[in-house]
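Below is one structure, written out as structure tokens; comments come after it.
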Amino acid sequence: MGAVRMLFGTELRRRWRSWLILVGLIAVVAGLVLAATAAGRRTATAFPRFVASHGYDVYIYNQKPVSGLSRLPGVSSVTSIANPASGQPTCACMSHAVNPSDFYINELSPSALRRVVKLVGGQMPAESSPYDVLASFTLQQDFGVQIGSVIRVPLYASSQLAALGSGANVAPSGPTVALHVVGIGAAEMEFPSGSTPEYDLFTTPAFARAINKKVPHAYVYLVRLRHETSSLPRFGAAAGALHLVYVSNQATAAAAVTASIHPQAVGWWALAVLAALVGLAVIGQALGRQSIVESEEYPSLVALGLPRRHLLVLGTARNLVLALVGAAGAVIVAFALSPLTPVGEARLAEPSTGLSFDAHVLLLGALATVVVVLLLGIWPAVRAARVHGGGERASEGRPSIIVSKVVAAGAPPSAVIGVRHALERGRGGASLPVGTALFGSALAVMALCATVVFADSLTHLTTTPALYGSNYQLGFSTSNGGPGSPTSWVASLKRDHSITAVMLAATNEVSIKGNDVLAFAGKAERGPLLLSRVDGRLPTGDDDMALGITTLHQVGAHVGSVLGVTVQLPSGGSRTVPFRVVGTASFPSDAGGGGLGTGSAFTLAGYENAVCPPGREQSRCQQAFASNQDFIVLARAASGVKGRAAIARFEARDRANTPTIPTSLLNFGEAVNFPLILGCVLAVFGVATLLHLLVVSVVRRRREMGLLKALGFVNMQVGATVLWQASTVALVGIVVGIPLGVVVGRAVWNAFATNLGAVPVATVPVLSIAVLALGVLVVANVLAVVPAVTSARRRSVGRLLQTE
């Protein structure tokens with residue numbers, strides 16, 4: 001093997017520049033794949049890790065202080081928060097008003113503040129300053145509050161406690177405080193989970209000392225349990241005896257937040273897979289061409305007695321070195337890119353932003369890179385070692401039928417030769433693996449076309465509320481602070497002939513096979529149930545139930561399954577009732593339905609029968625259910641001017657809300673534009689593939705170009721030959737890649753939308769695809785300009801015709 005070591009050293013000294021380019025290519029391709037994979041993993045686990053650091057298991061609200069919570073079964077810790085009663089906050093930075101019912105001032109100790117709030121920007125409030133506050137990121141995002149903003153908040157006076165307790169609508173008569181924002185924070189309660197966002201200010205003990213004696217308070221307790229699943233039932237039973245105003249299991253809300261972030265993680269993983277597929281073609285072609293270039297001297301070495309197996313070892317050794325160095329570079333690239341992710345809501349949840357070394361992904365990915373590069377290089381190395389002593393190896397193969405048709409059509413010689421260079425391998429020292437180049441071109445165009453279809457379908461989804469579960473145009477809820485009641489809203493809507501559908505609904509929480517699920521119980525007052533059907537049908541009978549696709553998978557069911565649903569009774573306790581799954585639906589995330597693929601739907605009568613079974617107590621139970629239930633009303637208007645006018649009228653008069661894009665779609669499509677990133681990556685890979693092909697082709701076919709010049713070709717014809725070659729490769733990619741891209745794009749979108757819980761409707765933008773095809777052809781010719789000029793400027797025909 002001494003000869004192999006000597007030849008390896010010689011090749012390294014001669015070709016270190018081309019090896020370095022290959023190492024860079026491997027490092028960039030694999031680095032992007034590893035970075036996207038690590039970003040997906042980091043994004044998917046961001047909120048669970050946030051909850052582990054800053055979260056809690058149970059949220060308790062009460063109008064009076066509660067003692068003894070820490071002694072209840074299963075309790076690990078209790079964080080106490082006092083909420084002074086406040087009115088409408090104002091700030092010069094705000095373009096519109098904050099709903100007072102969604103705004104809270106939170107008094108808690110400095111240690112508790114650090115425990116439940118992650119500092120996003122700025123600094124924590126100074127303990128001695130009564131008017132320094134930390135503002136929630138929701139105030140920054142929705143109302144423009146920044147570090148340095150001053151928020152003026154009117155407070156209620158202690159003398160108004162009785163009026164507040166009675167629910168009277170009175171203006172605050174206590175002091176107005178000017179609060180100076182010194183930092184931005186993120187707490188678990190502020191992440192959107194299918195309900196109205198919460199807007200918080202976190203104050204200091206000095207603030208509490210200054211105003212507590214003047215202002216009435218409510219009290220919040222954040223309870224962390226030792227073992228959530230096993231401790232929660234015992235804690236709930238014990239807490240029920242305390243007659244608290246509101247107790248919420250945060251597992252459901254946390255699961256909804258995690259689900260809203262998950263599509264972004266899926267996007268990173270999809271980006272990694274697609275980049276890997278195209279990268280395989282790019283690296284495989286590069287290794288094949290490098291093997292051809294380095295095999296030029298193999299016939300002479302075989303003639304001198306070097307065994308062919310040594311040539312195979314030589315090629316494999318080169319591939320191993322390239323793989324090892326490229327894998328190390330890929331780890332460095334992925335590590336360097338890690339501070340850029342996660343983004344959007346996941347970045348707010350990420351406990352530790354900055355450089356991140358995910359050992360599982362990066363080390364296993366580096367090993368996979370080495371293995372893949374070696375596998376990609378095996379066949380080129382074997383083929384290069386198949387040489388015949390002293391003779392030219394490899395025949396030129398079958399002539400292309402397309403080339404024959406181009407000749408028959410009377411095309412100019414430059415076009416015929418360019419098309420032949422693109423479609424035929426050639427022979428001897430001018431041979432090139434054109435098949436892999438054509439495959440790479442088709443793969444790149446296919447992926448780009450699929451990306452265009454996916455992006456257009458995503459835009460169609462975000463602009464069509466019915467597809468993401470919001471199959472309504474107006475939503476009425478007591479949480480909006482508007483006038484009226486569910487009964488008056490329904491009556492008013494039904495009197496308006498421009499309103500085509502009205503639904504009364506109640507939102508609750510049920511348990512299915514141990515999974516806490518948000519329940520949406522609706523009654524169609526006019527028209528159909530305003531829910532978005534994905535598969536099967538919507539519930540019509542009292543025993544029917546529809547589930548979100550995510551919930552369906554969580555409980556291990558399918559359409560047609562009969563499942564026990566555990567509901568909470570108004571008198572306390574629970575009851576389990578069988579329901580049949582009749583379909584899957586997408587739920588409105590801004591109407592308490594759970595959101596997209598998470599949640600369950602029943603008829604209002606069916607849910608009420610489950611809560612209040614027939615018997616002597618049914619009537620009393622139904623009255624208790626109705627009095628304790630927060631109903632919402634959803635409506636849809638007719639199309640046209642009258643419908644739009646009705647929507648505007650109800651929005652202004654009753655503070656009705658209109659559908660908003662779910663956080664999961666915002667996380668996927670706006671926080672990071674995956675289709676755009678993927679398109680850029682694929683474009684770079686496609687450019688690298690075509691450029692490498694053209695450069696190697698010009699170098700390998702120098703003698704042929706010299707012969708053509710000797711036969712009378714002028715420089716323009718030589719350059720045109722290269723342009724025709726590039727155009728042919730691009731056209732093959734367009735003809736093959738675009739139909740496949742449309743099919744793949746539709747399939748990927750349907751799978752993505754279904755998994756997300758949206759209604760899967762794929763769109764094919766014909767104009768955008770036509771522009772893509774034209775762009776591919778133009779870019780191919782632009783890339784070919786430099787190789788064409790280089791080939792045409794070779795002046796010495798004699799040197800070009802020298803034997804290599």
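The values are calculated or read from the model by the stated rules, or taken from the named source; none is laboratory data. These numbers were taken from a predicted model, which means no experiment stands behind them. Positions of Cβ are generated from backbone atoms using ideal geometry, with glycine treated the same way; all protein chains shown enter the neighbour counts. The protein model used for the area step is the full one, side chains on, heavy atoms only, and it has no ligands, DNA or RNA in it. Shrake-Rupley method; radii C 1.70, N 1.55, O 1.52, S 1.80 Å.
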accessible surface per residue for region 198-252, probe 1.4 Å, DNA/RNA/ligands not counted, whole Å² -> 48
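Add -39500 (n - 2.57) for each DSSP H run of 4 or more in the chain, then divide by its residues: what number comes out at 222 nm, to the nearest 500 deg cm²/dmol?
-17000 deg cm²/dmol
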FRET efficiency for Arg49 and Leu20 from the Cβ-Cβ distance with R0 = 30 Å, rounded to 0.05, comes out at 0.15
Dipole check, the chain, charges on Cβ (K,R +1; D,E -1), about Cα centroid: among Ala346, Pro84, Trp16 the Cα furthest to the positive pole belongs to Trp16
Once both label points are put 7 Å beyond Cα along the C-beta direction, the Arg71-Ala605 separation in nm becomes 5.0
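Could you state the accessible area per residue of region 32-154 in Å², with a 1.4 Å probe and every protein chain left in place?
41
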With the 8 Å Cα cutoff and a minimum separation of six or more residues, region 6-126 has a relative contact order in percent of 20
Note to self: with every protein chain in place and a 1.4 Å probe, region 448-601 gives an accessible area per residue in Å² of 36
For Ser159 and Asn781, extending 7 Å from Cα along the Cα-Cβ vector and measuring point to point gives, in nm, a value of 8.5
Region 266-330 and region 505-544 have their Cα centres apart by a whole-number Å value of 57
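So for the chain, averaging the separation of alpha carbon pairs under 8 Å that are six or more residues apart and normalising by length, what relative contact order in percent results?
For the chain, the relative contact order is 16 percent.
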Filtered hits (lysines, Cα-Cα < 24 Å from Lys494, offset >= 8 within chain) -> Lys523, Lys642
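Take the solvent-accessible surface of the protein heavy atoms, probe 1.4 Å, and return the percent of it on the chain that carbon and sulfur atoms account for.
62
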Of every Cα-Cα pair in region 212-311, the percentage lying beyond 20 Å is 72
Projected onto the charge dipole of the chain (unit charges on the beta-carbon of Lys, Arg, Asp and Glu, signs +1, +1, -1, -1), the Cα from Leu139, Leu504, Leu72 with the largest positive-side position is that of Leu139
Here the FRET efficiency for His497 versus Ala770, based on Cβ atoms and R0 = 56 Å and rounded to 0.05, is 0.80
The alpha-carbon center of region 227-264 and that of region 633-664 are separated, in whole Å, by 32
So for R0 = 25 Å, FRET eff. of Val245-Ala626 from the Cβ-Cβ r, to 0.05, ends up at 0.85
